[in-house]
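What follows is a short report on a single structure.
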Amino acid sequence: DLDAVAGYALSTQAVRAGRWTTLFTSLFLHAGWGHLLMNAGSALAFGPPVARALGENLRGAAFFYIFFLICGALAGLGFVVVHWEGSGLVIGASGAISGLWGAASRLLAGRGTLAPLLSRPVVLQAIVFLAINVGIGLLGGFAQMNVAWEAHLAGYAAGLLLIGPAARLANRSRLGELPSG
């Protein structure tokens, strides 16, 4: 039911009305099985290095989940800021998953440590991510795809910037503690 979904989907109007919870509830809604499976596959690709960096225990799992939610909420806020006068609904976890991609790019480039934000591999990965999302933004209308690429960019930036503080908060403050692989 579209009306039921609209109550949990992210929209500028919802945020402007003070319904901040939609920044989180929208992450758990998807536009069908294909959308869900694409997001699940992406989470499986980019989540493991982040999960290992935050800890392979219950505390680490909690930090991973919180990191995922924060990246998703910041992705949603990025979309809302860009579309402040818009009226569309946004659902899906791809902004949060983009945060995992951003974080994973720093972790994988560092091979067991956190690579500097401006290191060559991290910058190259960011360029690839940006190119993919600009392509989605430019070509999405032709393919009749409604993809919140702006949320992807905001989520990716959140992951890039927040993985260091998240790892420190998860008691993995020394870079040598971050597991390799």
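Annotations
- Comparing 73, 126, 96 in a Gaussian network model of the chain (Cα springs below 10 Å), the most mobile by mean-square fluctuation is 126.
- Whole-number D in µm²/s for segment 1-99 (Stokes-Einstein; Kirkwood sum over Cα pairs; 20 °C, 1.002 mPa s): 153 µm²/s
- Mean accessible surface per residue for the chain, computed with a 1.4 Å probe while every protein chain stays in place, in Å²: 54 Å²
- Taking the protein heavy atoms of segment 1-157 in the context of the full set of protein chains, the accessible area attributed to carbon and sulfur is 70 percent at 1.4 Å.
- Simple spin-label estimate for residue 6 and residue 131 in nanometres, 7 Å along Cα-Cβ: 4.1 nm
- Diffusion coefficient of segment 1-48 by Stokes-Einstein, Kirkwood radius over Cα pairs, 25 °C, 0.890 mPa s: 206 µm²/s.
- Over segment 49-117, the reciprocal of the mean inverse Cα-Cα separation, the Kirkwood hydrodynamic radius, stands at 13.2 Å.
- Relative contact order (%) - criterion: Cα under 8 Å, at least six apart; region: segment 39-150: 26 percent
- Förster radius 30 Å - calculated FRET efficiency between residue 85 and residue 21 (Cβ-Cβ, nearest 0.05): 0.85
- Here the simple spin-label model places points 7 Å from the Cα toward Cβ, and for residue 171 and residue 62 these points are separated by 1.0 nm.
- Candidates 110, 41, 78: whichever shows maximal mean-square fluctuation once the chain is modelled as a Gaussian network with Cα springs under 10 Å: 41
- With Cα atoms, 0 to 90° folded angle of helix 94-109 axis to the chain main axis: 20 degrees
- Helix-only CD estimate at 222 nm, as mean residue ellipticity for the chain, using -39500 (n - 2.57) per DSSP H run (n ≥ 4): -21500 deg cm²/dmol
- Rg/Rh (Cα only; Kirkwood hydrodynamic radius) as it applies to the chain: 0.98
- Comparing 33, 108, 8 along the charge dipole axis of segment 1-141, the residue lying farthest to the positive side is 108, per the Cβ-charge model.
The values are calculated or read from the model by the stated rules, or taken from the named source; none is laboratory data. Computed from a prediction, not measured in an experiment: that's the story for all the values here. All Cβ positions, even for glycine, are placed from backbone atoms using ideal geometry, and neighbour counts span all protein chains on display. All accessible areas refer to the heavy atoms of the entire protein, side chains included, with ligands and DNA or RNA removed. Shrake-Rupley method; radii C 1.70, N 1.55, O 1.52, S 1.80 Å.
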